[in-house]
1. Hand me the list of strands (runs of 3 or more DSSP E) wholly inside segment 189-258 holding 2 or more residues that are surrounded by fewer than 21 Cβ atoms within 10 Å (Cβ to Cβ).
2. Is segment 170-184 home to any residue that is surrounded by 17 or more Cβ atoms within 10 Å (Cβ to Cβ), part of a helix (DSSP H, G or I) and either among the basic types (Lys, Arg) or modelled with pLDDT of 95 or more (or both)?
3. Could you go through segment 223-231 and let me know if any residue there is free of Cβ contacts under 8 Å to residues at least 60 places away in the same chain and more than 23 Å from LYS13 (Cα to Cα).
4. Tell me yes or no: at least one residue of segment 196-206 is closer than 30 Å to GLU90 by Cα, modelled with pLDDT of 90 or more and within 16 Å of ligand 2 (Cβ to nearest atom).
5. For segment 57-89, give me the residue count where each residue is away from ligand 1 (no atom under 14 Å from the Cβ) and either touching a residue at least 12 places away in the same chain (Cβ under 8 Å) or assigned to a loop (DSSP other than H, G, I, E, B) (or both).
6. Taking the conditions exactly as written (within 15 Å of ligand 1 (Cβ to nearest atom), part of a loop (DSSP other than H, G, I, E, B) and within 15 Å of the chain's Cα centre (by Cα)), does ILE47 satisfy them or not?
7. Just a yes or no: is a residue in segment 98-114 touching a residue at least 12 places away in the same chain (Cβ under 8 Å), under 18 Å from ILE179 (Cβ atoms), of a type in the set (Asp, Glu) and within 16 Å of ligand 2 (Cβ to nearest atom)?
8. Can you tell me which residue is farthest from LYS109 (Cα to Cα) among those in segment 133-152 that are assigned to a loop (DSSP other than H, G, I, E, B) and among the aliphatic types (A, V, I, L, M)?
Amino acid sequence: MVDSIIEVKNLTKTYKVAKKKLSQKATYIHAVKDVSFQVFSGETFGIVGESGSGKSTIAHLIMGINKMTDGKINFKGRNITHLSRSENKELYRQLQIVFQDPYSSLNPKRSIEWILTEPLIIHKIGTKEWRKKRVIEVLEEVGLGESYLKKMPHELSGGQRQRVVIASALILQPEVIIIDEGVSSLDVSIQASILNLLNDLKAKHNLTYIFISHDLNVVQYFCDRIAVVYLGEFIELFHTEEYNQVEHADYTEKLFNAIPSVAFSPLDCNY
Ligand code: ADP
Ligand code: MG
C-alpha cells in the first residue's frame, strides 16, 4: 500500500466580494467547496476544469499562500492546516509550485544565476561555492547548463524560461511539485518537451506531482488519476486508464468531447 503524501479534507474557500455601493449586501464567491482527495507518493494527480473553476485556489491553499475558509490539509501525515509558509519554511521547502506564465514568474531584472541562487540563500543552504555548483547541476538537469548562468530572462524563449522556473522549483529538492497550468502558455511542441522533461525528473527524483490544467488532452496524457472540478467542486475522480470503463458526469463527457480530433501525442513531437 502506497502512503498518501497529501490529504485534503473538506477544503473550502469563500471570497467576500467588495461591495460597490453601501446599500448593497455583501456577496461571496465560493471558489472551492468541500473538496477532499488524497495524493499518493510517486503519482501524478491531475486536476482539470474550465477557467474559474477553482483550480489555482486549491493549489494556493495547499501551498499555504492563501488561507482556507474551512477544511484540513495533511502533508506526510502532519496537519499543516494552520501553518503559514513563513512559520514552517522547512516543511514548505518540500512543497514547490510551478506557475503558468514563465514570463511573469521570473524577475526580469535578475540573472538566471541570481534567480536560482535566491531560494538557497533564503533557506540558508550551502556555501557560496556549493550553491554555484548546485545551480549549474540543476540547470543541466533541465537541459540548459552553465552557459545560461549570466543570461537574463528576456534573452530566453518561453520554453527555456519554463525550464528555469522548473529548475527553481527543483533546486530545494522538494518531494511534491504543484504544476499550475505549467505548459498552457507554450506551443504544443514545446509543451511536449516540457512534459517529457517533467516525467524524466519525476522518475529521477521520485517526485509527486499535482498537475493542474484546463486542457484535458494534456491531463489525460500526463496524469495517473484525474479529478474533474466544476464550480469549485470535485465532480469526479478516476484512474486515467479506466476512463473508458466507468460512467462519467455529463460535464466530464463534454470536456472530453471538446478535445480536437487531432490527439495530443507528445512523444511524436520533435524537440
Ligand atoms: P482557476 O484556476 O480554475 O481558473 P481560480 O481558482 O483562479 O480558478 O478562481 C476560482 C474562482 O474564485 C473564480 O470565480 C475567481 O474569480 C475567484 N477568485 C480567485 N481569487 C480571488 C480573489 N482573490 N478574490 C475574489 N475572488 C477570487
Ligand atoms: Mg488558474
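The values are calculated or read from the model by the stated rules, or taken from the named source; none is laboratory data. As the structure is a prediction and not an experimental result, all values here were calculated from the model. FYI the Cβ positions are ideal-geometry reconstructions off the backbone, even for glycines, and counts take in every protein chain you see. We work out accessible area using only protein heavy atoms, side chains counted, and drop any ligands, DNA or RNA first. Shrake-Rupley method; radii C 1.70, N 1.55, O 1.52, S 1.80 Å.
1. Here the list reads 225-230, 233-239.
2. Yes, some residue in segment 170-184 is surrounded by 17 or more Cβ atoms within 10 Å (Cβ to Cβ), part of a helix (DSSP H, G or I) and either among the basic types (Lys, Arg) or modelled with pLDDT of 95 or more (or both).
3. No.
4. No: segment 196-206 contains no residue that is closer than 30 Å to GLU90 by Cα, modelled with pLDDT of 90 or more and within 16 Å of ligand 2 (Cβ to nearest atom).
5. Counting residues in segment 57-89 that are away from ligand 1 (no atom under 14 Å from the Cβ) and either touching a residue at least 12 places away in the same chain (Cβ under 8 Å) or assigned to a loop (DSSP other than H, G, I, E, B) (or both) gives 20.
6. So ILE47 does not fit the description; no.
7. Yes.
8. Residue satisfying both the conditions and the ranking: VAL142.
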